[in-house]
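Trainee: To start, I am sharing the structure in question, which I have written as structure tokens.
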Amino acid sequence: MAPALIESNADAVAEQTFQKDKNQGSYKEAFSQSSATTNYDTEINGSDTVEPAKYPNYLPSRNGSQLIVVKDWDDVTYPPYEPFDAYEHGRDADPSFPNLLKEGVEVKDITANIGAEVHGVQLSKLNRAGQDELALFAAQKKLVAFRNQDFASLPIQEALDFAEYYGPSHIHQTSGAPKGFPRVHLVHRSANDTTSKDFFEERTNSITWHTDVSFEMQPPGTTFLYVLDVPKAGGDTLFGNMAVAYQRLSPEFKKRLHGLKAVHSGHEQAQASIARGSVVRRTPVSNVHPIVRTHPATGEKALYVNPQFTRRIVGFKKEESDYLLKFLFDHIALSADLQARVKWEAGTVVVWDNRVTAHSAILDWQDGQRRHLARLTPRAERPFETPFEEK
Ligand SMILES: O=C(O)CCC(=O)C(=O)O
Ligand SMILES: [Fe+2]
């Protein structure tokens, strides 16, 4: 049986993987749902009795975001995505970052392999050159936590306009959105939500490594996540450096991975949403991407597979594919030496590059506290690969 957490939440923001139960013709959850859930059932538009949201304009709304409940694939809100020419602003950046990291700005690496924390920059005030530098800086550091930002207090449209410099927003197929802003992806667990207990009745941990919506033909690149309400302790987000994960492999193993492609599927996430009586906004898709992708600004190669959406290596038999993917997923999950966790505090905006990282929410905070974040998700180029190079 699926954990009660799934059943009591109308929508799951974090991507999930479900397995088809062939006998029943229904979908069963096969992997953990992360802590990132949007709960329509217990709270709509701020009717929470425990602790009001600091940013009620960012609470999930069904009507405002034109969500509809669909029972089959005929009745969807948005048409399929068409290919578009992505422009990589990181390529235009001055690598000495004169507009982003002006004198007095403090940059502290979070770990040796991934992440930086920055004080003294106001993202919303960056000029275009500074925005270009931000794309390159995020690609190099993989994730950057900017503290004391005004993003959450800006009109939502202004925050969206800032992010859309990097590419057209992704509209999530199942997640919640604030009223009138379907292009904002919400991560929300209300203060009166007590379903984590049920979750851990069924699961030993909540870690769900993924890269966002990798099933799309043109998945996101530079991505923004900012905090609205945060628990007193816990609710951190884990990030892993997938370029270092690639570099760690032996030359012979890397050579074998080059040229391989894998199927990434969004079908199960959509089906699971329908099974919960929730929403699907677009006909679900699968896409094939290279297992090693190259970053368009840095030229760096990175592993591009994740346990939430990557299903099968093209051309391999099932057992071969399962075996290799299990190794890669374990490699990503176990390599704490290429990971960092972001501790959210009021005013934090994390900018990360979804092309060269994986991440996971962590469900560990005490019930009775709201956790509420918003994600802006510009879409980028179709993943591509460049040949293996002997180092
Ligand atoms: O809730 C979190 O910490 C992360 C959620 C997430 O995976 C996302 O917004 O892409
Ligand atoms: Fe995510």
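The values are calculated or read from the model by the stated rules, or taken from the named source; none is laboratory data. What you are looking at is a predicted structure, and each value in this text was computed from that prediction instead of being measured. Cβ placement follows ideal geometry from the backbone for every residue including glycine, while neighbour counts extend to all protein chains displayed. Protein only, heavy atoms only, side chains kept; ligands, DNA and RNA dropped before computing areas. Shrake-Rupley method; radii C 1.70, N 1.55, O 1.52, S 1.80 Å.
Trainee: Which whole-number percent gives the relative contact order of region 135-205, counting Cα pairs below 8 Å spaced six or more residues apart?
Mentor: With pairs under 8 Å counted, the relative contact order is 16 percent.
Trainee: Convert each backbone phi in region 274-288 into a coupling constant with the Karplus relation 6.51 cos²θ - 1.76 cosθ + 1.60 (shift: θ = phi - 60°), then list the ³J(HN,Hα) values in order as whole Hz, x for Gly and Pro.
Mentor: Along region 274-288, the couplings run 5, 4, 7, x, 9, 10, 9, 9, 8, 4, x, 10, 10, 9, 9 Hz.
Trainee: Starting with the highest mean, order 157-166, 276-285, 303-312, 174-183 by the number of other Cβ atoms within 10 Å, averaged over the residues of each peptide.
Mentor: 303-312, 174-183, 276-285, 157-166
Trainee: Amide H to amide H under 5 Å from residue 286: which residues, 5+ apart in sequence or cross-chain, H placed 1.01 Å off N in plane?
Mentor: Amide H to amide H, under 5 Å and 5 or more residues apart or across chains, residue 286 pairs with 266.
Trainee: I need the peptides 316-322, 228-234, 138-144 ranked by packing, meaning the mean over residues of other C-beta atoms within 10 angstrom, with the highest value on top.
Mentor: With the highest mean Cβ count within 10 Å placed first, the list reads 138-144, 228-234, 316-322.
Trainee: If each residue of separation counts as 0.36 nm, what is the full-extension length gain between residue 316 and residue 286 once their alpha-carbon separation is subtracted?
Mentor: 9.1 nm
Trainee: I would also like to ask the following. Can you list residues from other chains, or at least 5 along the same chain, whose modelled amide H is less than 5 Å from the amide H of residue 344?
Mentor: 237
Trainee: Quick one: Karplus J couplings for region 219-229, per residue in order, coefficients 6.51, -1.76, 1.60, θ = phi - 60°, nearest Hz, x for Gly and Pro?
Mentor: Running phi through 6.51 cos²θ - 1.76 cosθ + 1.60 with θ = phi - 60° gives x, x, x, 5, 9, 10, 10, 9, 8, 10, 10 Hz.
Trainee: Rounded if a/c is under 1.5, else prolate if a/b is larger than b/c, else oblate: which is region 209-297, with a ≥ b ≥ c the root eigenvalues of its Cα gyration tensor?
Mentor: Oblate, since a/c reaches 1.5 and b/c is not below a/b.
Trainee: With all protein chains present, calculate the accessible area of residue 331 using a 1.4 Å probe and round the result to the nearest 10 Å².
Mentor: Near enough 30 Å² of accessible area.
Trainee: Also: How would you classify region 316-391 from its alpha-carbon gyration tensor, with a ≥ b ≥ c the square roots of the eigenvalues: rounded for a/c under 1.5, else prolate if a/b is greater than b/c, otherwise oblate?
Mentor: Since a/c reaches 1.5 and a/b is larger than b/c, the shape of region 316-391 is classed as prolate.
Trainee: Which of rounded, prolate or oblate describes region 170-249 when judged by the alpha-carbon gyration tensor and an a/c cut-off of 1.5?
Mentor: The shape class here is oblate.
Trainee: Still on this structure, please answer the following. Can you work out ³J(HN,Hα) from phi for every residue in region 134-143, in order, using Karplus 6.51 cos²θ - 1.76 cosθ + 1.60 and θ = phi - 60°, giving whole Hz and x for Gly and Pro?
Mentor: 4, 4, 5, 4, 5, 5, 6, 7, 6, 9
Trainee: Now, a different point. What is the calculated FRET efficiency for residue 330 to residue 203, with r their C-beta to C-beta distance and R₀ = 22 Å, to the nearest 0.05?
Mentor: 0.80
Trainee: Pairs of alpha-carbon atoms within less than 8 angstrom and 6+ residues apart define the contacts here; what relative contact order does region 66-207 have, in percent?
Mentor: Relative contact order for region 66-207 comes out at 20 percent.
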